[in-house]
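The values are calculated or read from the model by the stated rules, or taken from the named source; none is laboratory data. Keep in mind that this is a model prediction, so the values were computed, not measured. Virtual Cβ from ideal backbone geometry, glycine too; neighbours counted across all protein chains shown. All accessible areas refer to the heavy atoms of the entire protein, side chains included, with ligands and DNA or RNA removed. Shrake-Rupley method; radii C 1.70, N 1.55, O 1.52, S 1.80 Å.
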Amino acid sequence: MTESAVVGRRIDELRAVVTGEVLVDGDPGYADAGRVMMAEGRPGVVVRCAGAADVVAALRYAEAQDLPVAVRSGGHSAAGFGTNDGGVVIDVRPMDEVKVLPDDVVRVGVGATWGDVAARLGKLGLAISSGDTASVGVGGLMAGGGIGWMVRKHGLAIDNVVSAEVVTADGAVRRVDAANEPELFWGLRGAAGSLGVVTSYDISAVRQPTVHFGTLLYPWTQTAEVLKGWAEYAAQAPESVTSSLQLAPTMMADRQVPVAVMVCVAGDPAVLEPLRNLGTLLTDKVAEVPYAEVFSDMSMPAEWRPRIRNGFFDSWSPELTDRLLEARQQIPAMAMEIRALGGAFGEMPADATAFAHRDAQFMVNSVVMGTPDAETAQDFDAFWQTLRPSGAYVNFLSDPTDADLGSCYPESHSTRLAALKQAVDPGHVFRSALSVPPRPEWTGGRRHLMRWAMRSRR
């Protein structure tokens, strides 16, 4: 029997046990399923999973063929982790349930997008502190934390999770919470992509039908003073206010793009008055809107491969302002966003979740638009070497390094994650450049460990 016939038979066997779709090259929908925003993958097979049983089947197929695994929800992973070449992609998009349970707890399938979740909950006057982009998938955002427009009022998205269903590398379908497998529950809140395939989260929603949301614009000539005043305000602001300062690439509009301060108030909008006096206010577009309307959407040319880096900062300084503004002139294609943190985000103890960076007051996120040439990419990386942030956010790194892994998970967290990884994924099935490996140190090869784990459950 030829190799192609054997592969075809195995695909047929996989299709026979999967409720959802199994796609290979040439099937309708294959190209879309293998493509994500930041990468053009050519996986050997895509399993569009209708439920946890399909995830188990996909993992067993990957183990039998000794193939790498990628998990794809919304497809926004900055590093392109939602696809691969020649492996198995577990596509969770069909698992998009949004179900309200008692006590305003919402069960959300990881294939849902945040725009859809917000719109459906908004009809009930409910909201979840989550991201800021409508088409981002629940699974991808929740894997790393979830910094959204109510992060200072209600914390990260993961801070509001009360339980989760996850399929681990051994094929077990587990419902975990603070009482049932608490260590795995700890790890899923900030490092889920390293530990299994989460299929749904139960999340505590809040009664927040509307917010005051919008943008304040200031002249480009006042960038330094607006940034200074905004940072001072943000460090002391009421926790009902979440804001960010946006600096567009200087290559736009002949370097004269206005400075934008975006705000979201889950409370009395009077607290915004100091922000209206940071400089010469050009435009004030803050208005009361349904919470679902704070979610924007984004698209970019398919051939673009932007370079993205971020860092957390425990305080702001004039030196940091100077360095950012200097770098904007040196790298004209670079956009920057500075997000205010603190409030409820910082009230969570640092060791309560796998997400560690609770002392951070600010996050700087930067993107080199388009596909930067080698010199620009080098300048961009060198700029970040000079900043020395206190840590990094796993969701906003396009070209992660070993050093980035340490920035995302400091030693106390990485040691704990390595022990947890050894317990639930000793074969390092769920691996990427931002996955803490199991201990003892993984040195390659997983077939013997994975095969034993899977067969022990058959």
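crowded, with 24+ Cβ neighbours inside 10 Å and either out of contact with any Gly (no Cβ under 7 Å at 6 or more places or on another chain) or more than 15 Å from I203 (Cα to Cα) (or both), is that true of A179? No; evaluated as a whole, the condition is false for this residue.
Whether any residue in region 306-313 is of a type outside the set (K, R), open to solvent by 40 Å² or more (accessible area, probe 1.4 Å) and not in a loop (DSSP other than H, G, I, E, B) is what I want to check. No: zero hits. The set of residues in region 315-349 being free of Cβ contacts under 8 Å to residues at least 12 places away in the same chain and within 25 Å of E411 (Cβ to Cβ) consists of P349 alone. Against the numbered list (1) out of contact with any Phe, Trp or Tyr (no Cβ under 8 Å at 6 or more places or on another chain); (2) in a strand (DSSP E or B); (3) open to solvent by 20 Å² or more (accessible area, probe 1.4 Å), V71 comes up short only at (1).
Filter region 275-292 for residues that are assigned to a loop (DSSP other than H, G, I, E, B), closer than 25 Å to A127 by Cα and open to solvent by less than 40 Å² (accessible area, probe 1.4 Å) and give the result. Passing the criteria: only V286. Only one of the listed residues (G82, G34) is open to solvent by less than 10 Å² (accessible area, probe 1.4 Å) and modelled with pLDDT under 95. That residue is G34.
When each of R174, R93, R189 is tested for being in contact with a helix residue (DSSP H, G or I) (Cβ under 6 Å, 6 or more places away or on another chain) and among the charged types (D, E, K, R), the lone residue that passes is R189. The single condition among (1) within 30 Å of L420 (Cα to Cα); (2) open to solvent by less than 30 Å² (accessible area, probe 1.4 Å) that E347 does not satisfy is (2). Across region 147-170, the number of residues qualifying as open to solvent by less than 10 Å² (accessible area, probe 1.4 Å), part of a loop (DSSP other than H, G, I, E, B) and under 25 Å from P426 (Cβ atoms) comes to 2.
For region 192-250, filtering for residues that are among the small types (G, A, S), surrounded by fewer than 22 Cβ atoms within 10 Å (Cβ to Cβ) and closer than 30 Å to A50 by Cβ leaves 1.
Mind listing just one residue for me: the one in region 97-112 that is assigned to a loop (DSSP other than H, G, I, E, B) and in contact with an Asp or Glu (Cβ under 8 Å, 6 or more places away or on another chain) and, of those, farthest from V206 (Cα to Cα)? If we take residues in region 97-112 being assigned to a loop (DSSP other than H, G, I, E, B) and in contact with an Asp or Glu (Cβ under 8 Å, 6 or more places away or on another chain), then G111 is farthest from V206 (Cα to Cα).
Applying the criterion of at least 3 residues that are of a type in the set (S, T, N, Q) and modelled with pLDDT of 95 or more to the strands (runs of 3 or more DSSP E) found wholly in region 195-270 leaves 197-204, 241-247. I want to confirm something. Restricting to region 395-406 and keeping residues that are part of a helix (DSSP H, G or I) and within 14 Å of A79 (Cβ to Cβ), which single residue is nearest to the chain's Cα centre (by Cα)? The extreme case among them is N395.
For region 407-420, the tally of residues that are outside any loop (DSSP other than H, G, I, E, B) and open to solvent by less than 50 Å² (accessible area, probe 1.4 Å) stands at 7.
Among the conditions (1) in a loop (DSSP other than H, G, I, E, B); (2) open to solvent by less than 40 Å² (accessible area, probe 1.4 Å); (3) of a type outside the set (A, V, I, L, M, F, W, C), the only one that G115 does not satisfy is (1). Of the residues making up region 37-56, just one is open to solvent by 40 Å² or more (accessible area, probe 1.4 Å) and assigned to a helix (DSSP H, G or I), namely A53. Scanning region 160-212 for residues that are farther than 17 Å from A143 by Cα and aliphatic (A, V, I, L, M) turns up A172, V173, A178, A179, A205, V206, V211. One residue is enough: does region 122-133 have a residue meeting the conditions of a type in the set (A, V, I, L, M), open to solvent by 30 Å² or more (accessible area, probe 1.4 Å) and assigned to a strand (DSSP E or B)? Checked region 122-133: no residue is of a type in the set (A, V, I, L, M), open to solvent by 30 Å² or more (accessible area, probe 1.4 Å) and assigned to a strand (DSSP E or B). Considering P28, P94, which residue is surrounded by fewer than 22 Cβ atoms within 10 Å (Cβ to Cβ), part of a loop (DSSP other than H, G, I, E, B) and in contact (Cβ under 8 Å) with a residue 40 or more places away in the chain? After ruling out the rest, the residue left standing is P94. Please state which of the following conditions S299 fails to meet, knowing it meets all the rest: (1) at pLDDT 95 or above; (2) over 19 Å from I147 (Cα atoms); (3) open to solvent by 50 Å² or more (accessible area, probe 1.4 Å). Tallying (1) at pLDDT 95 or above; (2) over 19 Å from I147 (Cα atoms); (3) open to solvent by 50 Å² or more (accessible area, probe 1.4 Å), S299 fails exactly one: (1).
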